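Step one of this worksheet: look at the structure below.
The values are calculated or read from the model by the stated rules, or taken from the named source; none is laboratory data. These figures come from a predicted structure and were not determined experimentally. Backbone-built Cβ (ideal geometry, glycine too); neighbour counts: all protein chains shown.
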């Protein structure tokens, strides 16, 4: 089991409360966030989700991903970084390549094999770790597990891009 877990129920509860206060339907909220209504539904049932969708949701709540992370073994959760003010023409994306580079640097500095890193992070394969260098999408569960092991905020592995 991963040391760090994402609390989907807490996120869903806060989204639903804020959505009702603003008198938005789930479809309207999805449009406002730039995520599909099906992504919002996945939050309600606690299914794995990709990091960019989660980040859009927590940003809308003026929160950080770390506000929804808990430790299964009382490990310290990395402190959330302050968020930059939200921009209407930009969206913040998760940077798998930056995560890979940081992870690989720590691996090399500590003289660890990829297998040893995978074992220390828990519930992750060597292939999953090595594939980070390709970029693309990443699940929030994998992102928080790796960022947590690195002792870094999720926000340290993001970049702004045009909508």
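Just checking, how many residues over region 1-25 are under 24 Å from residue 69 (Cβ atoms) and either in a helix (DSSP H, G or I) or touching a helix residue (DSSP H, G or I) at 6+ places or on another chain (Cβ under 7 Å) (or both)? Spell out the reasoning first.
Initially, region 1-25 is screened for residues under 24 Å from residue 69 (Cβ atoms), giving 1-19.
Right, trim to either in a helix (DSSP H, G or I) or touching a helix residue (DSSP H, G or I) at 6+ places or on another chain (Cβ under 7 Å) (or both) and you get 2-4, 6-19.
Adding up the residues that qualify gives 17.
Out of the residues in region 114-126 that are closer than 22 Å to residue 47 by Cα and at pLDDT 90 or above, which is surrounded by the most Cβ atoms within 10 Å (Cβ to Cβ)?
121
What's the total number of residues in region 129-158 that are in contact with a strand residue (DSSP E or B) (Cβ under 6 Å, 6 or more places away or on another chain) and loosely packed, with under 15 Cβ neighbours inside 10 Å?
1
Conditions first: (1) surrounded by 14 or more Cβ atoms within 10 Å (Cβ to Cβ); (2) touching a strand residue (DSSP E or B) at 6+ places or on another chain (Cβ under 9 Å); (3) not assigned by TED's automatic domain parsing to the domain that holds residue 15. Residue 106 passes all but one, so which condition is the exception?
So residue 106 meets the others, but not (2).
When both residues are 6+ apart or on different chains and their Cβ atoms are under 6 Å apart, which pairs have a first residue that lies in region 134-146 and is more than 16 Å from residue 104 (Cβ to Cβ) and not assigned by TED's automatic domain parsing to the domain that holds residue 118, and a second that is at pLDDT below 90 and assigned to a helix (DSSP H, G or I)?
Partner pairs satisfying both residue conditions: none exist.
Among 35, 58, which is outside any helix (DSSP H, G or I) and surrounded by 15 or more Cβ atoms within 10 Å (Cβ to Cβ)?
Values: 58 fails: outside any helix (DSSP H, G or I).
So the residue among 35, 58 that is outside any helix (DSSP H, G or I) and surrounded by 15 or more Cβ atoms within 10 Å (Cβ to Cβ) is 35.
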